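Report on the following structure.
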Amino acid sequence: MKKKSKIGGILLIILAIIIMQLPLSEADAATSASDFVFDGKILVSYKGTEKDVSIPTTAEIIGKGAFEDNTSIESVTIPYSVKRMKAFVFWGCSNLSKVSFGSGLSEVGDYVFNNCMGLKNITIPSHIHSIGVKAFADCVNLTDIVIPPEVTFIHESAFDGCKKLVIHADEGSYAWKYAQDFYERQKEMPEYED
């Protein structure tokens, strides 16, 4: 009987060692899904540490400050299902460098990408029609943004502190006119330190 117990114990130890060596892909997927906190269709917060984040298609609204100060994120994909982003969504995500906008969005809201120092270039898709208050303010490394003619409103403060920024827009469009005013305002703004 003792011999059977010893063999059973040894087999359990071996089984435990084998299980610990198996890849955790399914467990990882469950962990990723659990990193998103929802209240109905509102993505309230993200608690993960992934570099590349794809927001679940169950989200229709991204809540205020949902990703705020997350320094792990380098790229984010916003799905077609997201219709609105509240203020401060990506505030201070200093390593965020790539954003893919879903077709459900019609605006970049107030303070959404404020202080995202990893952003260097952005292309605003044609389904976006407005850019809000300080939406990209203090993105000090933002050098290029392409704004389509479909954008019909850009708040004066949308790019405050973006001293290196060149705005690419069709001549005569709202964005082109905004760019001319922006360059004039930049001459009057104090220099920002990196």
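The values are calculated or read from the model by the stated rules, or taken from the named source; none is laboratory data. Please read these numbers as outputs of a predicted model, since none were measured by experiment. Note that each Cβ is placed from the backbone with ideal geometry, even for glycine, and that neighbours are counted across all protein chains shown. Quick note on the areas: whole protein, heavy atoms, side chains included, nothing else; ligands and nucleic acids left out. Shrake-Rupley method; radii C 1.70, N 1.55, O 1.52, S 1.80 Å.
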*Using the Cβ atoms and a cut-off under 13 Å, what net charge is assigned to the surroundings of residue 145, where Lys and Arg are +1 and Asp and Glu are -1?*
+1
*Taking every pair of alpha-carbon atoms in the range 51-194, what share in percent sits in each 5 Å bin, from 0 to the bin with the longest distance?*
2, 11, 20, 26, 21, 12, 6, 2, 0
*Using a Förster distance of 30 angstrom, determine the FRET efficiency expected from the C-beta separation of residue 54 and residue 170, and round it to 0.05.*
0.45
*Once you list every other residue whose beta carbon is under 9 Å from the beta carbon of residue 81, what net charge do they have if Lys and Arg are +1 and Asp and Glu are -1?*
+1
*asked:* How are the alpha carbon pair distances in the range 113-194 distributed across 5 Å bins from zero to the largest one, expressed in percent?
replied: 3, 16, 29, 30, 16, 5, 1
*Could you list, in their original order, any pairs among 64/187; 86/187; 83/187; 120/187; 41/177 whose Cα atoms are separated by more than 29 Å?*
64/187; 86/187; 83/187; 41/177
*Determine, from the Cβ-Cβ distance of residue 75 and residue 144 and an R0 of 22 Å, the FRET efficiency 1/(1 + (r/R0)^6), rounded to the nearest 0.05.*
0.80
*asked:* Let me check something: with ligands and nucleic acids excluded, how do 136, 153 order by accessible area (1.4 Å probe), largest to smallest?
replied: 153, 136
*Got a number for carbon plus sulfur as a percent of the range 66-194's accessible area, 1.4 Å probe?*
48 percent
